Structures are given as structure tokens and as C-alpha cells.
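Accompanying notes for the structure given below.
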Amino acid sequence: MPSVKFTFPANFLWGTSTSSHQVEGNNTNNNWSLWEAEPGRIKTGEVSGIACDWWGGRWREDFKRAADSGQNTLRLSIEWSRIQPKPDSWDESAIDTYREMIHGMISLRLRPMVTLHHFTDPIWFTEKGGWENDDAPQLFLKYAQKIVPALKSIVKDWVTINEPNMVVFCGYISGHFPPGKTKSIKKAHQVTVKMIKAHASVYEYIHQQQEDASVGISQNYRDLFPKTKSIVDRFATNASHKLYNNAIMDVLSKGSFRYGPYSISLPKAKNTLDFVGLNYYSGNQVHFTFNVNEFLTYPKGASLSDNGFVANEPESFYRGLTWASSYGVPVIVTENGVENDEDTFRREYLAEHIHQLWRAWSNGMPIRGYYHWSLVDNFEWENGWSYRFGLWRLNIETQERTKRPSVDFYEQICRKNCLDSEDVAKFAPNIYRFIYPN
Ligand code: BGC
């Protein structure tokens, strides 16, 4: 049978994503290090510890793995608490380390994408009230004013904040991220507004510094559909979609958001996206209930990752790409992946999601790149080390990395710049017929 190739445009970005706290190790000066130390906060009782030991220098070997397997870009985040360990002190040696890491990427022909905030805050910032503090946007800007000039000669692609909607939802509604508040609607709103203001002022600042910068935000998108046809489930779905997926993005695009009596108006935030960073994992069904744990579930029979955390719903990804494209700027998938130690599920998920990515691009959506989450198994927040998202498996005792078969599959995609039916037949034979039905 002749091979069928779904080819992507030239210069497409193919890479992997990580975040500081999840890979660096020895991050002891941020709110997550305090959170990990509180009994019961991490389901497995584990801590991030030395993580993937990037701060000890193992970024070198992992970057090389990425480059040797055909990737042309990497996304990492800067740990604010390292750069500004106290409100009035800056750590130049930490800045040098990030500079060295980014030079390391570039020498391997990996284009750097840098996130300034990925879930963690310095302890001093938390002590001042964190994102609830009215000064939070100003404090974040001050940090950006230190790190951006230091890196601007080597970085062009910036994500200001990773998943502000997750920070708000998990920190103030479900409570499984710090500060662990539940159903705090008012605070959730206040923090949302502050994060938007922080993004907007850093967006403006980066552009003052660097004319050709490309600045976006990474938004966690969930494709939501009602569990039943009942009016309340449909209402809950629509409300969640608007509030969770759209609110922040609408303000960054149009300067305002309104849903029923709820509204945000921040004209200064209008048009502060050069691209939409789409973090997509799954679609969810929505059920109207006051129990936050039963609100979002997966349909019966959904194909699930090891711990049931991610469902393989490729059509939902297509809808996510459509949604992201509706903001009228380029779209970069800044995260997509699954937790799966044995790797069969990952290969199938990868094949079906890259297929949808191609479908979206070939239907005219402005898709520029794809970053798989993640390069190597890393500390998965409240789920500790039990969720294995890496292309490479990590032995946390020995720091040994082992290549999962997905590495070879993803390498073919990156190098050929296409999804080739021969590779799908080889790496994901069980789902071949879904992608090539005839
Ligand atoms: C976060 C990552 C996390 C991933 C998998 C995303 O929401 O940005 O930090 O590891 O999901 O749960």
C-alpha cells in the first residue's frame, strides 16, 4: 500500500514542554515547596526533590535527547523564586544558569520558548497575599523587567503565564493547588483580573524591549459537552465553557468579557496576544452538581490513560484548535500529552492528535507549532511521581532515563514534518483504521 503523508508547513515548530518546578529539582523557595511539605497535599505523599536534576546540570543530556530525536524547539519556564529570592534581591547566578541553558538549546538548533510563570510563586510573594494582593501585577512586572532584558538577545517566543484559568480553578474553586481555597468565587474573580493585568503589562513591556517578540499566554482548554440532555447540564456546560475557556482569552483579545451578570472590562488588555498557546489534554462531560469532583467526568467507555486522568478524545482537540483559532492570531499548541508508563496509549493518542492537528491546519487554521508534554517524566503537581507524562521514562532513584517507543514515533513526525501512514502502522497499529478508514 502506498504511504499517505499528512504534511505540515515548512518551519513548523516541533518540540516538547517542561516547567521549572517539575524538572529542575531543589526548588525550595516557592509556594509549591511549602505545599508539598503539608501532609495530604500530594496524593502519593511524594515531593519534587531533585526532580529531573536540571538544576544539577542534567538539562544538558535532556536537551541533547530532544535535538537528537528531531525536535527543533523546547519550551521551559523560569523559576521566579530563583531569580528574585527575596523582594529586594536578585540572583545573578540563577540568571546566568538560565542563559547557559538557553545557549545550550540554541547550540543544538532548538528554538527556545520561555514561560515566565508556570504555577509557582516565590514564598515572599505568597506571604504578601500572592495573586490576591493588589500589587501582584506590579510585582510580576518587576520580575519580568529583570529577566526579559537578560534573555531578550536569545529568546523571541514568550509565554507570560501558564494556564491562569487552572491557577484560579485549582487554587480557589477545587482547592487542590495552593492556596487551597475552595468555592471562593469572589477571590477567583479577583485573581483572574490580577493575572490578566499582569499579562497585559508584561506583554507591553516585552514589546517595548523587543520589537520582534512574539508574546502569548498558554490557556488550558477543556472541550466541554453536557452529560445528559437536561437543561441544567446544558446550562452548566455553557457556563463552564464561557467562564473557564473564554473569560480570560476574551479579555486579552477584546478587552472585555460578559456572561450574564458576570463581566470583566480591562481595555488595556485588549489585543495583547501575538499567539494563543493552547494546552489541550481532553474533552469532558459536564454534570450539574455542587460536588466539584463529580462536575467533570469522562463518558462511559472512554479510552483512558493509566490513572484515568486523560481521555483520548481527538475530536475534542479539533474543537480546541477551532476555538483557539477563533481569536484571530496564530495558534501554538504549547502542551498536549498523556500519562502512560507503558506507552501504547501514548502512541495512539499522539497519532490521533497529530492527525487532528494536520486536519485543522489543512482546513486553514493558523497553527504554527506543537509541543508535546513532556520531554521526560516529571513531578506532576498534586499527583506526585505517579503520573508519567514523559517521552522518556525517568527512574527517580537513579536519574536514569529510558526511551519509550513514542520517542521514535515522534522523531519520525518531527523529521519528516508529517504524519506518515507507515509510521502509524508501525507505532499505533490499533488505531490505524480510525485515521485511514479506507
Ligand atoms: C500543566 C502542566 C502539567 C500538565 C499535565 C498542564 O495543565 O501546565 O504543568 O504537568 O497539565 O497535568
Mean Cβ count within 10 Å, highest first, over the residues of peptides 360-373, 55-68: 360-373, 55-68
Placed amide H near ILE367: partners under 5 Å, 5+ positions off or other chain: VAL331
Given LYS156/LYS426; LYS64/LYS300; LYS146/LYS197, the pairs whose alpha carbons are separated by over 30 Å: LYS156/LYS426; LYS64/LYS300
Rg to Rh quotient for the range 162-225, alpha carbon positions, Kirkwood Rh: 1.09
Hydrodynamic radius of the chain per Kirkwood, over alpha carbon pairs, in Å: 21.9
Computed FRET value (nearest 0.05) for PHE235 with LEU266, which takes r as the C-beta separation and R₀ as 22 Å: 0.25
Under Karplus coefficients 6.51, -1.76 and 1.60, residue-wise ³J(HN,Hα) of the range 63-71 in Hz, glycine/proline x: 5, 5, 4, 4, 5, 5, 9, x, 6
ASP96 versus ASP408: modelled label distance in nm, points set 7 Å from Cα along the beta carbon direction: 4.3
Additional length obtainable on full extension of the chain from ILE154 to THR344, 0.36 nm per residue less Cα span: 64.7 nm
Packing-based exposure ordering (other Cβ within 10 Å, fewest first) of THR44, THR18: THR44, THR18
Estimated [θ] at 222 nm from DSSP helical runs (n ≥ 4, -39500 (n - 2.57)) normalised by residues in the chain, nearest 500: -11500 deg cm²/dmol
The chain - share of DSSP beta bridges that are antiparallel (%, nearest 5): 30
Hull volume in cubic angstrom per residue (convex hull over the Cα atoms of the range 299-438): 127
Length added when fully stretched, LYS146-GLN399, from 0.36 nm per residue minus Cα-Cα: 87.8 nm
Calculated FRET efficiency for the pair SER3/ARG109, C-beta based, R₀ 35 Å, to 0.05: 0.80
For the range 191-196, Karplus couplings with θ = phi - 60° (6.51, -1.76, 1.60), whole Hz, Gly/Pro x: 5, 4, 4, 5, 5, 5
Inter-probe distance in nm under a simple model that places probes 7 Å from Cα toward Cβ, at GLU294 and TYR432: 4.4
Contact order relative to length of the chain, as percent, for alpha carbon pairs under 8 angstrom and 6 or more apart: 18
Evaluated over the range 128-170, the Cα radius of gyration and Dmax, each in Å: 12.6, 35
Fully extended contour minus Cα-Cα distance, from ASP420 to SER89, at 0.36 nm per residue: 114.0 nm
Under the Karplus curve 6.51 cos²θ - 1.76 cosθ + 1.60, θ = phi - 60°, whole-Hz ³J(HN,Hα) for the range 241-248, x wherever Gly or Pro sits: 4, 5, 6, 7, 7, 8, 3, 5
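Quick note: the coordinates plus some simple rules give every number you see, no bench work behind them. As the structure is a prediction and not an experimental result, all values here were calculated from the model. All Cβ positions, even for glycine, are placed from backbone atoms using ideal geometry, and neighbour counts span all protein chains on display.
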